[in-house]
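The values are calculated or read from the model by the stated rules, or taken from the named source; none is laboratory data. Remember, it's a predicted structure, so these values are computed and weren't measured experimentally. Cβ placement follows ideal geometry from the backbone for every residue including glycine, while neighbour counts extend to all protein chains displayed. Please note that ligands, DNA and RNA were not included when accessible areas were found on the heavy atoms of the full protein model with its side chains. Shrake-Rupley method; radii C 1.70, N 1.55, O 1.52, S 1.80 Å.
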Amino acid sequence: LHGTGGSGQSMLTPGFGGEIFGPGQPFDATKYFIILPDALGAGKSGKPSDGLKAEFPQYNYDDSVDAQYRLVTEGLGIKHLRAIIGNSMGGMHAWVWATRYPDMMDGVIPMASQPTAMSSRNWMMRRLMIETIKADPDYKGGNYTTQPKFAAIANAFYSTGTNGGDLAMQRQAPTREAADKIVEAR
């Protein structure tokens, strides 16, 4: 299960999927059926920008996990899973799976998440993203006709603040010029 703003596709990178789903790895795709759903509001799943905008139903982690559960059980006809693996928001979904459907899987692997309410820097960053997007004149109270420009800025800010770590970022952008190139690309 993927993190915020990602998709199931993000779990197939060489650094993750290549290490866990590759031949001889713990969840070797030649031995296991791998399901990589897009969470509600992300990837190719339904989301406000698809048309409903401010009228899109409010949903939470429980709703997302219930949709995933229905996909697996009703859509795919699967009665039991080997494991639920999730990173960041997907890790939070994994925790919810463990409590809502404890007999559905043999194991749960929540990564980069804790079974607590969102708080601290994580909540502050998300709140700042939301407020930035809502402050965009093009947002129009959620009834925008084009993607608000501030959304791109908020996403770039969030990804810069939450990905890569300080030392890795220093190696990637040891000068202002290199750092500016990364900002412009994002």
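Can you tell me which residue within the range 121-140, out of those that are open to solvent by 80 Å² or more (accessible area, probe 1.4 Å) and of a type outside the set (Asp, Glu), is modelled with the lowest pLDDT? Residue satisfying both the conditions and the ranking: Arg121.
Within the set Met111, Met104, the sole residue that is touching a Phe, Trp or Tyr at 6+ places or on another chain (Cβ under 9 Å), under 30 Å from Gly17 (Cβ atoms) and surrounded by 13 or more Cβ atoms within 10 Å (Cβ to Cβ) turns out to be Met104. On inspection, Asn60 qualifies as under 30 Å from Tyr144 (Cβ atoms), loosely packed, with under 13 Cβ neighbours inside 10 Å and free of Cβ contacts under 8 Å to residues at least 60 places away in the same chain. Residues being among the polar types (S, T, N, Q) and in contact with a helix residue (DSSP H, G or I) (Cβ under 9 Å, 6 or more places away or on another chain) are represented in the range 18-31 by at least one member.
Scanning the range 17-48 for residues that are touching a residue at least 40 places away in the same chain (Cβ under 8 Å), part of a loop (DSSP other than H, G, I, E, B), under 17 Å from the mean Cα position of the chain (by Cα) and surrounded by fewer than 16 Cβ atoms within 10 Å (Cβ to Cβ) returns a single hit, Ile35. Taking the conditions exactly as written (surrounded by 13 or more Cβ atoms within 10 Å (Cβ to Cβ), among the acidic types (Asp, Glu) and either within 23 Å of Phe16 (Cα to Cα) or over 15 Å from the mean Cα position of the chain (by Cα) (or both)), does Asp66 satisfy them or not? Against the criterion (surrounded by 13 or more Cβ atoms within 10 Å (Cβ to Cβ), among the acidic types (Asp, Glu) and either within 23 Å of Phe16 (Cα to Cα) or over 15 Å from the mean Cα position of the chain (by Cα) (or both)), Asp66 qualifies.
Please verify whether Trp95 is more than 30 Å from Lys31 (Cβ to Cβ) and part of a helix (DSSP H, G or I), treating the condition exactly as stated. For Trp95, the condition - more than 30 Å from Lys31 (Cβ to Cβ) and part of a helix (DSSP H, G or I) - is not met. Checked against (1) of a type in the set (A, V, I, L, M); (2) open to solvent by 90 Å² or more (accessible area, probe 1.4 Å); (3) modelled with pLDDT of 90 or more, Leu167 passes all but a single condition, namely (3). The single condition from (1) without any contact (Cβ under 8 Å) to a residue 40 or more places away in the chain; (2) over 26 Å from Lys53 (Cα atoms); (3) open to solvent by 50 Å² or more (accessible area, probe 1.4 Å) that Arg186 fails is (2).
Annotation: of all residues in the range 6-16 being surrounded by 16 or more Cβ atoms within 10 Å (Cβ to Cβ) and part of a loop (DSSP other than H, G, I, E, B), the one that is farthest from the chain's Cα centre (by Cα) is Ser7. Inspect the range 13-32 for any residue being in contact with a Pro (Cβ under 7 Å, 6 or more places away or on another chain), among the small types (Gly, Ala, Ser) and under 12 Å from Ile85 (Cα atoms) and give the result as yes or no. Checking the range 13-32: not a single residue is in contact with a Pro (Cβ under 7 Å, 6 or more places away or on another chain), among the small types (Gly, Ala, Ser) and under 12 Å from Ile85 (Cα atoms).
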